[in-house]
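The structure appears below as structure tokens.
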Amino acid sequence: MQAKINGISVAYNDQGKGLPIVFLHAFPLNRTMWAQQEAALSSQFRVITVDLRGHGESDAPLWRYTLDQSADDVRALLDHLSIQQAVFVGLSMGGYLLFTFYRKYADRVKGLVLADTRAQADTSEGKDGRFQMAQNAYKNGPAAIANVMIPKLLSPTTIQIRPEIVQKVRAMIEGNQISGIAGDLMAMAERPDSIPLLTQITCPPRLSSANWTKPLLRQTLSS
């Protein structure tokens, strides 16, 4: 499905009924990384996955990207879907986005799952690494980014014995436009330190682990 959000076309899936759970993907992937979670959870919950701007089937405008901008996109998508509150799951970059989203729209958050992410801002070395990756994308295209990221996203064992998973991840990365890859690297490099925010997060857990966290943890890209 597509929605016009803040001047761009945003792609998303909306499956099931019940308590909404919004999944926010990692860099430089897209919403299809959550396919197994959709299948496992949509019989009990309303599962929303979204291609963040610059990824997948969403537009990748050639302009400055920020996490505040992405948080506004997610809030506008919730409005489009008439969802007042949701549980949010963010992996890596999706977790960075959730810190920003909570800072701006805490009243829309019923619960948070922050997976393989961190609250700290980038160090100077980290920012330089993102700059160099953006230059690599500009010069050599998304395939070069796939070559860099796959060893970071998948274990050596998975790379060796699960070629179908490697191909799935490569296709997600190579399906992105350079403008989106470079834009997200800029957004992540400029994100603020969210450590002071941690003590302000008050939303309690709302779901039993038996119902959804176990399938969430079991069904991973590298399983």
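The values are calculated or read from the model by the stated rules, or taken from the named source; none is laboratory data. If you're wondering where the values come from, they're calculated on a predicted model, not measured in any experiment. Cβ coordinates were reconstructed from backbone atoms using ideal geometry, including for glycine residues, and neighbour counts include every protein chain displayed.
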VAL50 being within 11 Å of the chain's Cα centre (by Cα), aliphatic (A, V, I, L, M) and under 23 Å from THR117 (Cβ atoms): yes
Across region 16-72, the tally of residues that are hydroxyl-bearing (Ser, Thr, Tyr) and either farther than 24 Å from VAL148 by Cβ or touching a His at 6+ places or on another chain (Cβ under 7 Å) (or both) stands at 3
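Test of understanding: among GLY90, GLY111, which residue is closer than 22 Å to ASN13 by Cβ and touching a Cys at 6+ places or on another chain (Cβ under 8 Å)?
Testing whether each residue is closer than 22 Å to ASN13 by Cβ and touching a Cys at 6+ places or on another chain (Cβ under 8 Å) leaves just GLY111.
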Look at region 26-46 and say how many of its residues are touching a Pro at 6+ places or on another chain (Cβ under 8 Å) and outside any helix (DSSP H, G or I). 3
Boolean, GLU38 is surrounded by fewer than 22 Cβ atoms within 10 Å (Cβ to Cβ), in contact (Cβ under 8 Å) with a residue 12 or more places away in the chain and of a type in the set (D, E, K, R): yes
Out of (1) surrounded by fewer than 18 Cβ atoms within 10 Å (Cβ to Cβ); (2) assigned to a helix (DSSP H, G or I); (3) charged (D, E, K, R), what's the single condition that is false for ASP122? (2)
So, MET133, is that one more than 26 Å from ALA39 (Cα to Cα), modelled with pLDDT of 95 or more and in a helix (DSSP H, G or I) or not? yes
How many residues, within region 47-78, are touching a strand residue (DSSP E or B) at 6+ places or on another chain (Cβ under 9 Å) and either surrounded by fewer than 19 Cβ atoms within 10 Å (Cβ to Cβ) or assigned to a helix (DSSP H, G or I) (or both)? 9
